[in-house]
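Contents: one structure, followed by commentary.
Derivation of every value follows stated rules applied to the coordinates shown; laboratory data play no part. Values in this document were obtained by computation on a predicted structure and should not be read as measured data. Reconstructed Cβ throughout: ideal geometry from the backbone, glycine too, with neighbour counts over all protein chains shown.
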Amino acid sequence: MEAVTVQDLTYQYRPGGPFVLKGVDFQVPRGEFVVVTGLSGCGKSTLCFCLSGAIHHNRDGVMTGKIAVNGKNIQEMRPAGRALEVGMVFQNPDTQLFSQTVEDEIAFAPENLCLPPDRIRERVESVIALLGIAALREASPYQLSGGEKHLVALAAVLALDPPLLILDEVLSQLDSAGKKKVAAVLQRLRGIGKTVIAVEHNLESVAFADRLMVMEKGSLIRFDRMETILADRDFMNASRLLYDRKIFNSF
Ligand SMILES: Nc1ncnc2c1ncn2[C@@H]1O[C@H](COP(=O)(O)OP(=O)(O)OP(=O)(O)O)[C@@H](O)[C@H]1O
């Protein structure tokens with residue numbers, strides 16, 4: 001079964017307003033790692049909000065089309081059920097961090113699901129180990145750097161073990177060592193069968209992805225194997241995507 005099926009998706013932030021997404025159609029099979037890219041303002045974050053169901057918080061918005069996650073219509077799912085199917089890390093992690101300590105932040109969602117205390121502890125410890133953030137355990141999420149906040153938001157989402165992860169520029173605020181570390185974690189997540197849809201501007205750190213989705217002005221203009229698009233010099237130049245010349249030249 002497909003992890004995600006999107007059919008003729010359109011979105012306006014207000015009735016009669018501009019179409020920020022225009023007839024977007026795609027499918028992502030389970031276990032695939034997809035990177036979404038495109039120039040600023042082309043609709044990547046809006047697509048993420050739609051895929052995660054979070055767009056429902058914007059009451060003025062008008063969404064048409066269909067989104068199915070693991071065969072279930074995302075619009076018809078309750079928030080608790082949705083959180084078990086899809087986890088999203090927002091571009092601005094401040095919007096999703098609210099606990100006193102990093103440990104509490106990670107434990108929050110499993111506690112809300114009323115998991116037994118030993119299973120909560122087990123999940124907290126396993127994501128702390130997976131992301132290598134033991135040193136941040138007692139820290140206040142508000143006092144972390146932008147990159148650390150993204151890591152903690154990712155940890156909190158992983159604590160629910162959702163099969164689909166939507167990541168909106170989680171690597172962008174990390175230094176190059178941090179990028180490598182988190183990219184390795186993302187590859188590991190793919191290795192354990194997670195489906196990942198990750199927005200990134202700079203393709204260098206995510207060159208391991210299976211497929212690349214390129215958006216332009218609310219439309220999906222290309223969705224193909226990562227290496228195929230990177231090797232298409234005319235397309236890369238015309239679409240002004242950010243790439244590292246060393247990678248570009250290696251294809
Ligand atoms: N809350 C909002 N209300 C109205 N318009 C919005 C809102 N959020 C985004 N937009 C508009 O929707 C369009 C797409 O924005 P979006 O944030 O999805 O793009 P993006 O590709 O993620 O950009 P970036 O790479 O800069 O994060 C832009 O024109 C933006 O101004």
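If you count the DSSP beta bridges with both ends in the chain, what percent of them are antiparallel, to the nearest 5? Antiparallel: roughly 55 percent of the beta bridges in the chain.
Per residue, the Cα convex hull of segment 46-96 amounts to 87 Å³. A protection proxy built from the mean count of other Cβ atoms within 10 Å ranks the segments 150-158, 72-80, most packed first, as 150-158, 72-80. Dipole size of segment 1-71 about its Cα centre, with +1 on Lys/Arg Cβ and -1 on Asp/Glu Cβ: approximately 180 debye, rounded to the nearest 20.
Computed log10 I(q)/I(0) for segment 105-168 at 0.13, 0.21, 0.26 Å⁻¹: -0.32, -0.84, -1.20, from the Debye equation with unit scatterers placed on every C-alpha and solvent omitted. By the Kirkwood approach, averaging reciprocal distances over each pair of separate Cα atoms, segment 1-44 gets a hydrodynamic radius of 12.1 Å.
Determine, for each peptide in 234-240, 39-45, the mean count of other beta carbons within 10 angstrom over its residues, then list the peptides with the highest first.
Listed from highest to lowest mean packing, they are 39-45, 234-240.
Residue ranges 160-171, 203-214 sort as 160-171, 203-214 when ordered by packing (mean number of other C-beta atoms within 10 Å per residue, highest first).
Cα centroid separation, segment 217-243 to segment 135-159: 32 Å. Working note: Cα gyration tensor of the chain, eigenvalues times five, square-rooted, sorted largest first, giving semi-axes of 28, 23, 16 Å.
Since only Ala134, Ala231, Ser52 are under comparison, the one whose Cα sits farthest along the positive direction of the charge dipole of segment 4-250, derived from C-beta charges on Lys, Arg, Asp and Glu, is Ala231. A simple charge model with +1 on the Cβ of Lys and Arg, -1 on the Cβ of Asp and Glu and nothing else charged puts the dipole of the chain at about 400 debye relative to its Cα centre.
Taking the alpha carbon gyration tensor of segment 119-251, multiplying each eigenvalue by 5 and rooting it gives semi-axes of 30, 16, 13 Å, largest first. Dividing the convex hull volume of the alpha carbon atoms of segment 48-173 by its residue count gives 113 Å³ per residue.
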